[in-house]
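Take a look at the structure set out below.
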Amino acid sequence: MPKLTIDGIEVEVPPGSTVLQAAEAAGIEIPRFCYHDRLSIAGNCRMCLVEIEKTPPKPISSCTYPAAEGMIVHTDTPMVRNGRRGVMEFLLINHPLDCPICDQGGECDLQDQAMGYGMDHSRYAENKRAVKDKELGPLVKTVMTRCIHCTRCIRFISEVAGVPDLGATSRGEHMEVGTYVEKALSSELSANIIDLCPVGALTSKPYAFTARSWELTKTDSVDVLDAVGANIRVDTRGPEVLRILPRLNEDVNEEWLGDKSRFSIDGLKRRRLDKPWVRKDGKLQAATWQQAFDAIATKLHDTKGDRIGAIAGDLCDAESMLALKDLMAALGSFNLDCRQDGAKLTNARRDHYTFNTQIAGIEDADAILIIGSNPRREAPVLNARIRKAWANSGAKIGVIGAETDLTYPVTHLGTGTTALGAGETFLNGAKKPMVIVGQGALKHENLLAAAWGIASRAGALTPEWHGFNVLHTAAARVGALDLGFLSGKTAGEMLNGGVDVLYLLGADEFNIAKTGPATFVIYQGHHGDSGAARADVILPGAAYTEKSGTYVNTEGRVQRGFMATHPPGEAREDWKIIRALSAHTGHALPYDTIAAVRARLEQVNPVFANVGFLPRFGCSDTTAPAGDPAAVANVNFTPVIVHYHQTDTISRASPTMAACVAALEPAPAMAAE
Amino acid sequence: MADFEQPAHFAFDADSAAEIDRVVAKYPPGRQASAVIPALYVVQRQMKRQTGSAWVPLKGMDAVGERLGMPPIRVYEVATFYFMFNMAPIGKYHLQLCTTTPCWLRGSDDIVAACREATGIKGWKETSADGLFTMTEVECVGACVNAPILQVDDDFYEDMDREKTLLVIAALREGKPPAVGSMIGRQRSAPEGGPTTLLFAPENG
């Protein structure tokens with residue numbers, strides 16, 4: 001552990017650290033453009049100059065210089081300041097002075113650092129260079145004249161996203177960053193290069209010329225468009241969500257965010273349910289809350305408890321599912337299901353349905369077997385962790401399922417259940433094996449038990465290491481299972497007239513036509529999708545940015561998002577709707593505040609008390625989940641997500657996501673289903 | 001990109017494939033990307049053989065990427081970085097004129113003027129109307145001792161002056177390239193007019 005002195009502060013850093021990292025450890029900020037914690041070191045912007053004693057008397061770039069024992073570093077000498085001023089002057093030679101019309105203005109590294117090291121005028125009288133803008137698809141807007149060639153975007157796309165589309169072509173004055181052959185970026189994480197770009201060369205296309213960063217109200221929240229539960233910041237101005245940015249959480253999303261989670265927000269303004277509707281004479285008609293509740297109360301009054309059922313959708317918060325569960329119990333019904341896709345999951349034991357190794361734990365694994373899942377589409381941020389495990393520690397990865405490019409080399413073991421044996425062999429000899437079983441496999445009976453068996457025999461289930469993982473695609477799923485939103489009739493049994501009253505809480509991802517014609521359908525949700533079209537009563541709810549909600553990600557990590565805007569029109573927060581309905585039907589629920597709902601959550605399952613924090617755990621009980629691994633039918637696993645960009649009611653309503661599908665994914669052949 | 005057509009296909013012919021195999025074999029397994037520069041030369045020479053114009057088309061770079069297991073963009077980066085790879089079609093003969101200080105002091109301006117006069121080319125990187133010549137200004141080609149230099153494709157014509165330049169171009173036009181090397185009969189890079197040292201054996205040798 002080298003010990004060095006930086007500006008008089010003694011600091012000890014791990015071997016292999018650079019001077020810049022040591023300075024960070026000492027609490028000294030060094031300006032930089034090209035250096036980034038999570039990318040390889042390029043050392044090409046030269047902004048991080050420092051002076052080091054007993055080296056040649058010249059400024060040294062601290063991001064590339066290894067920290068060594070006894071080194072004495074100065075970060076604020078006249079030589080350092082002049083060096084950085086010189087670098088800044090060179091960077092500004094070709095950088096346009098268009099900050100007033102640049103979307104990066106106000107959150108620009110170059111702008112900020114020019115305040116410290118820039119001159120008040122330019123000595124450069126010649127023509128500035130102009131670079132043609134690149135077309136990178138519907139998400140990333142380019143103004144390449146602003147590019148300072150830090151190459152962060154190139155390194156991110158190649159190293160983290162694993163889709164080497166970007167490069168620097170030509171050289172010197174003619175160097176340009178781009179794809180060379182024009183094409184849209186094909187990574188699901190492509191928009192992170194907008195955050196990485198230290199200048200305004202790469203900005204958000206949908207957000208272009210919309211707002212200034214200082215006008216926005218920033219609200220912490222949790223992403224619900226996949227089951228990773230990426231931490232996000234929702235930026236709003238007035239009633240409108242203008243953008244979503246990732247928030248740092250080393251255990252979940254690091255600082256990355258999938259494109260869908262970032263850019264589906266224009267879907268929040270379209271196809272919204274903003275007032276209650278009641279079906280009269282076969283036609284949906286706008287109604288008041290009173291009329292809608294009356295219609296429901298009348299119907300429920302005549303219906304026996306076991307003829308009522310409820311299905312929770314993929315985007316629901318735990319509070320509303322709890323309220324619905326309690327309401328159903330009060331009505332005498334236990335027909336609850338959160339598995340609208342029919343996944344063969346049970347909630348008897350928590351580690352039978354969560355991602356037990358945890359996302360950060362992926363980095364410790366040395367062999368990973370993916371069964372019936374395409375993590376690149378189902379959870380791109382999690383996929384980046386798997387890639388990291390491969391890139392940093394050489395983890396080997398085997399896949400059973402459809403053959404696709406996961407951005408890292410994999411051993412493709414087979415397309416279906418016949419390859420399970422090969423999967424078991426694949427994990428032989430691994431010290432920290434992981435089994436990831438996805439929704440593509442869990443569609444089928446007994447596969448949960450079979451996957452658990454593989455993990456168990458591979459030595460993945462020890463008191464120190466829990467290598468059995470279920471990768472969910474629905475943000476609400478683990479929370480619903482934790483709550484016990486799973487009893488009585490299954491979702492499949494509730495269809496085709498299995499119940500007389502069906503309460504859909506944001507459930508759209510199943511074939512709604514299978515609902516029996518005589519079934520009275522109540523749809524509570526925020527988007528007019530298939531569920532609302534079939535409904536007899538529509539109760540307008542709130543989308544995830546419009547309510548305070550608790551979500552449990554695929555790891556079983558309880559996280560909380562805050563309300564960033566109010567729901568549109570007469571729409572209300574979902575748990576409040578159910579609370580109001582309960583009073584209307586004469587079964588008033590015993591909570592009136594969100595705090596009381598959350599107290600009830602903790603009462604139902606103590607895991608809800610631990611918000612944000614999830615300790616690593618091993619497997620203390622290797623009992624397999626119910627099911628007979630020997631009875632696995634011979635099936636091929638089919639992908640659960642066809643279009644990454646359109647998986648739920650919000651992203652289906654988003655024109656930006658539709659543009660992504662059009663730009664990136666070839667038009668699907670007309671399928672005869 | 002510019003106003004020329006990229007070929008729709010490119011495939012290595014037998015000679016090229018053999019040459020790339022030979023180059024790749026020099027590097028340890030898994031490091032075949034090291035062969036990217038020689039492989040791009042192979043593409044450029046094959047284009048010369050097949051079309052008479054030595055350049056590297058897009059499909060050629062893609063073929064190199066595929067052969068060496070590199071993402072296409074990594075090949076584009078290398079190919080566009082080096083000036084020796086022509087990213088657009090050129091004339092049959094590539095006149096590469098060194099104008100760096102030693103050649104310039106020895107009269108490279110005359111050579112440039114002579115080339116322009118003989119070919120009718122106005123600017124750099126332009127091709128003559130008859131499609132025979134492309135003129136490129138290059139940095140030092142490393143033959144300063146015999147400056148000024150006119151490089152035609154891979155060959156050096158040394159100790160040039162205006163007349164000799166006109167002669168070379170006229171000969172090329174007829175398809176009879178003159179012998180390469182010094183144009184004043186100098187032996188390799190020995191002093192002009194014969195040796196000036198070691199003229200006699202030392203007496204007590």
Could you please find all residues in the range B:50-84 being surrounded by fewer than 21 Cβ atoms within 10 Å (Cβ to Cβ), more than 23 Å from residue B:28 (Cα to Cα) and within 11 Å of chain A (Cβ to nearest Cβ)?
B:58, B:59, B:81, B:82, B:83
Residues (of a type in the set (Ser, Thr, Tyr) and either open to solvent by less than 20 Å² (accessible area, probe 1.4 Å) or under 17 Å from the mean Cα position of the chain (by Cα) (or both)) located in the range B:32-49:
B:41
Working carefully through the options B:202, B:191, find the one that is farther than 15 Å from residue B:116 by Cα and exposed (fewer than 10 other Cβ atoms within 10 Å of the Cβ).
B:202
For residue B:158, all conditions in the list (1) surrounded by 13 or more Cβ atoms within 10 Å (Cβ to Cβ); (2) more than 24 Å from residue B:56 (Cα to Cα); (3) touching an Asp or Glu at 6+ places or on another chain (Cβ under 9 Å) hold save one; what is the number of the exception?
(3)
Taking the condition open to solvent by 10 Å² or more (accessible area, probe 1.4 Å), charged (D, E, K, R), modelled with pLDDT of 95 or more and outside any strand (DSSP E or B), does residue A:376 pass?
yes
Given B:42, B:23, which one is in contact with a Ser or Thr (Cβ under 7 Å, 6 or more places away or on another chain), more than 14 Å from every other protein chain (Cβ to nearest Cβ), under 19 Å from residue B:154 (Cβ atoms) and among the β-branched types (Val, Ile, Thr)?
B:42
Take residue A:40 and decide whether it is without any contact (Cβ under 8 Å) to a residue 24 or more places away in the chain, touching a Lys or Arg at 6+ places or on another chain (Cβ under 8 Å) and on the phi < 0 side of the Ramachandran plot.
no
If you take the residues in the range A:171-203 that are among the hydrophobic types (A, V, I, L, M, F, W, C) and within 9 Å of chain B (Cβ to nearest Cβ), which one is nearest to the chain's Cα centre (by Cα)?
A:181
Conditions first: (1) crowded, with 16+ Cβ neighbours inside 10 Å; (2) in a loop (DSSP other than H, G, I, E, B); (3) not polar (S, T, N, Q). Residue A:76 passes all but one, so which condition is the exception?
(1)
So in the range A:379-399, with the set limited to residues that are open to solvent by 30 Å² or more (accessible area, probe 1.4 Å) and free of Cβ contacts under 8 Å to residues at least 60 places away in the same chain, which one is nearest to residue A:430 (Cα to Cα)?
A:396
Would you confirm whether any residue within the range A:490-499 is surrounded by fewer than 20 Cβ atoms within 10 Å (Cβ to Cβ) and assigned to a helix (DSSP H, G or I)?
yes
Failed item in (1) surrounded by fewer than 17 Cβ atoms within 10 Å (Cβ to Cβ); (2) at pLDDT 95 or above; (3) outside any helix (DSSP H, G or I); (4) of a type in the set (Gly, Ala, Ser), with residue A:342 passing the rest:
(2)
Matching option when the condition is open to solvent by less than 10 Å² (accessible area, probe 1.4 Å) and either more than 30 Å from residue A:614 (Cβ to Cβ) or at pLDDT 95 or above (or both), among A:317, A:302, A:281, A:294
A:317
Would you point out which residue out of A:121, A:95 is without any contact (Cβ under 8 Å) to a residue 12 or more places away in the chain and more than 14 Å from chain B (Cβ to nearest Cβ)?
A:121
Selection from the range A:567-618 of residues that are of a type in the set (Asp, Glu) and in contact with a helix residue (DSSP H, G or I) (Cβ under 6 Å, 6 or more places away or on another chain):
A:574, A:602
In the range A:386-404, anything in contact with a Ser or Thr (Cβ under 9 Å, 6 or more places away or on another chain) and more than 21 Å from residue A:355 (Cα to Cα) is listed as A:402, A:403
Those strands (runs of 3 or more DSSP E) completely within the range A:190-239 that have 1 or more residues that are farther than 16 Å from residue A:656 by Cα, open to solvent by less than 10 Å² (accessible area, probe 1.4 Å) and polar (S, T, N, Q) are A:217-222, A:231-237
Would you pick out the residues in the range A:385-441 that are in a helix (DSSP H, G or I) and among the polar types (S, T, N, Q)?
A:392, A:393, A:417, A:418, A:425, A:439
Quick check on this structure: which one of A:506, A:484 is surrounded by fewer than 24 Cβ atoms within 10 Å (Cβ to Cβ), under 29 Å from the mean Cα position of the chain (by Cα) and not aromatic (Phe, Trp, Tyr)?
A:484
Hey, can you tell me all the residues within the range B:161-183 that are in a loop (DSSP other than H, G, I, E, B) and open to solvent by 70 Å² or more (accessible area, probe 1.4 Å)?
B:174, B:176, B:177, B:179, B:180
Whether any residue in the range A:409-424 is within 24 Å of the chain's Cα centre (by Cα) and crowded, with 24+ Cβ neighbours inside 10 Å is what I want to check.
no
In this structure, does residue A:635 turn out to be open to solvent by less than 70 Å² (accessible area, probe 1.4 Å) and in contact with a Lys or Arg (Cβ under 9 Å, 6 or more places away or on another chain)?
yes
Among the residues of the range A:127-170, which ones are among the aliphatic types (A, V, I, L, M), assigned to a helix (DSSP H, G or I) and more than 10 Å from chain B (Cβ to nearest Cβ)?
A:144, A:160
Is the range A:249-268 home to any residue that is closer than 30 Å to residue A:150 by Cβ and in a strand (DSSP E or B)?
yes
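The values are calculated or read from the model by the stated rules, or taken from the named source; none is laboratory data. On a predicted model such as this, the values are computed, not experimentally measured, just so you know. No Cβ is skipped: glycine too gets one built from the backbone with ideal geometry, and neighbour counts run over all protein chains shown. The area values use the complete protein model at the heavy-atom level, side chains included, leaving out ligands, DNA and RNA. Shrake-Rupley method; radii C 1.70, N 1.55, O 1.52, S 1.80 Å.
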